[in-house]
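*Asks:* For reference, the structure I am asking about is given below.
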């Protein structure tokens, strides 16, 4: 079954070197790298006998950092059911985007 969003918040916030983790990007804050922004992107449902018996939320998790070799990337990659999606640079910061079923 899907774990709670609060459990994911706690997990991401406790990564060493991360200033904070945010569920959806807050519009009124100045964010200090290295930070993580995550949001629900989809839901995966397992079915058998025409019934849903398990589901997982699919999150898009974005690590924003100044360091291209940030060690937090490996911590996110090591999470069960996490996969790298893409990387882009915006505002002079690296954005590493992952998909995570949690």
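*Asks:* Can you pull out the residues in segment 90-102 that are at pLDDT 95 or above, in a strand (DSSP E or B) and more than 13 Å from residue 36 (Cβ to Cβ)?
*Replies:* Within segment 90-102, 90, 99 qualify.
*Asks:* Find the residue count for segment 2-29, including only residues that are surrounded by fewer than 12 Cβ atoms within 10 Å (Cβ to Cβ) and under 15 Å from residue 65 (Cα atoms).
*Replies:* Residues in segment 2-29 being surrounded by fewer than 12 Cβ atoms within 10 Å (Cβ to Cβ) and under 15 Å from residue 65 (Cα atoms): 1 in total.
*Asks:* Filter the strands (runs of 3 or more DSSP E) completely within segment 1-78 down to those with at least 1 residues that are under 14 Å from the mean Cα position of the chain (by Cα) and closer than 13 Å to residue 99 by Cα. So that I can check it myself, show each step before the final result.
*Replies:* Numbers: elements: 20-23, 35-48, 51-65.
Of the strands (runs of 3 or more DSSP E) lying wholly inside segment 1-78, those with at least 1 residues that are under 14 Å from the mean Cα position of the chain (by Cα) and closer than 13 Å to residue 99 by Cα span 35-48, 51-65.
*Asks:* Could I ask something else about it? Out of (1) over 18 Å from residue 33 (Cα atoms); (2) assigned to a strand (DSSP E or B), the odd one out for residue 87 is which?
*Replies:* With respect to (1) over 18 Å from residue 33 (Cα atoms); (2) assigned to a strand (DSSP E or B), residue 87 is out only on (1).
The values are calculated or read from the model by the stated rules, or taken from the named source; none is laboratory data. Keep in mind that what you see is a predicted model, and the values were worked out from it rather than measured. We place every Cβ from the backbone using ideal geometry, glycine too, and count neighbours over all the protein chains shown.
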